[in-house]
Structure formats: C-alpha cells, structure tokens
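Asks: Mind looking over this structure? Questions follow.
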Amino acid sequence: MPEPKDGYAGHFSDIPKLTETFSVLADEDIWKILRYLYSRINLPVSLSLIAAHTNLKPEKAEQLMDRLCRINAACCTPIATENGEMKTYTYYNETMMIPLLCFAKEIRDKNVIHWGVWFDRNIPLF
C-alpha cells in the first residue's frame, strides 16, 4: 500500500464520514444483507428478495440498503416495471470491502500478519 506523499493524516481527516462507515458496518442486520449479497453473483436484486433472504421487513431492508449505498458498499438502480418503478441493488466495490472485512477479522482475532505493509517507521503516521 503506497504511502501518500503528504502522509496519511489528510486521508483520515473527515472523522464523521469514517465514523459513519464503521457504524454502518457495525450493524448486525447489515451483516445479514452483506452475507446474502456476497453469496450471489453481482446481479441486481430487489428489496423483496433481500428481505426474504435476511428475514428483515422490506422497510427495514430498504433503510439498511440506503445506508450501504451512502458508504458506497452498494449501488441502487431504479428500474421500470409494469407496476411502476422499483429499486434494485447490487453490491459495490467488493475489491475494497472484502479486504476490509478480512483485516477486521484478523485484527479482532489478534492474527495480524502485516498483509498491507511492512515497514520500520521513523516518522509518525499522522
């Protein structure tokens, strides 16, 4: 992972947005949705299908999907049907989400093996 020329501090300066991302991922119902979405190929899926496979009410599933979209973990695409417009969702940016989840598990399990970087630091990170 290349270190930015100006250091990491600027990348982590928007604490409210970072906090929102981690608070979304801290929700157990979000994990139900992520496990379901990642168990499928990345085709658009309806809220009713998400709700059915996660045992969530459709209103709750929509609220949670909107939260995932705000942190760029999912993407909403409205489609037209004979019954009107319907929201569909796909997971987004799994190339970043899966490593993040792996890192979180390794940190939690105290099994960090320096996947991302190995260095001898002689200046502060921030």
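The values are calculated or read from the model by the stated rules, or taken from the named source; none is laboratory data. Bear in mind the structure is a predicted one, so any value in this text is a computation, not a measurement. A quick note on method: Cβ atoms are made from the backbone with ideal geometry, for glycine too, and the neighbour counts reach across all protein chains shown. The accessibility values were calculated without ligands, DNA or RNA, using every heavy atom of the protein model including side chains. Shrake-Rupley method; radii C 1.70, N 1.55, O 1.52, S 1.80 Å.
Asks: Can you compute the label reach from Thr21? Point 7 Å from Cα along the Cβ direction, backbone N cut-off under 11 Å, restricted to region 43-74.
Replies: 71-73, by backbone N distance to the label point.
Asks: Calculate the FRET efficiency for Ala52 and Glu28 from the Cβ-Cβ distance with a Förster distance of 25 Å, rounded to the nearest 0.05.
Replies: Plugging the Cβ-Cβ distance into 1/(1 + (r/R0)^6) gives 0.90.
Asks: Among (1) 85, 40, 22; (2) 63, 29, 23; (3) 103, 17, 14, which one is Cα extents along the principal axes in Å computed from these coordinates?
Replies: (2)
Asks: Another question, then. Taking the chain as a Gaussian network, where each spring joins two C-alpha atoms under 10 Å apart, which residue of Arg108, Arg67, Arg35 fluctuates the most?
Replies: Checking each option, the largest mean-square fluctuation is seen for Arg108.
Asks: Using a 1.4 angstrom probe on heavy atoms only, work out the carbon and sulfur share of the accessible area of the chain in %.
Replies: Summing carbon and sulfur atoms, their accessible area is 59 percent of the total for the chain.
Asks: Turning to a different aspect of this structure: Spin-label point model (7 Å from Cα, Cβ direction): what's the Cys69 to Asp6 distance in nm?
Replies: Going by the 7 Å Cα→Cβ label model, 3.2 nm.
Asks: While we're on this one: On a 1.4 Å probe surface of the protein chains, which of Ile50, Ile71 comes out largest in accessible area, and what is the full order?
Replies: So, going from the largest accessible area down, we get Ile71, Ile50.
Asks: Okay, helix-only estimate at 222 nm for the chain: each DSSP H run of n ≥ 4 adds -39500 (n - 2.57), divide by all residues, round to 500 deg cm²/dmol; what do you get?
Replies: Result for the chain: -14000 deg cm²/dmol, rounded to the nearest 500.
Asks: Working out 0.36 nm times the residue gap between Thr81 and Arg108, then minus their Cα-Cα distance, what length gain in nm do you get to one decimal?
Replies: Result: 5.3 nm gained on full extension.
Asks: With a probe of 1.4 Å, find how much accessible area region 18-108 has per residue, and write the answer as a whole number in Å². Could the numbers behind the result be given before it?
Replies: Values: 5740 Å² over 91 residues.
I get 63 Å² per residue for this part.
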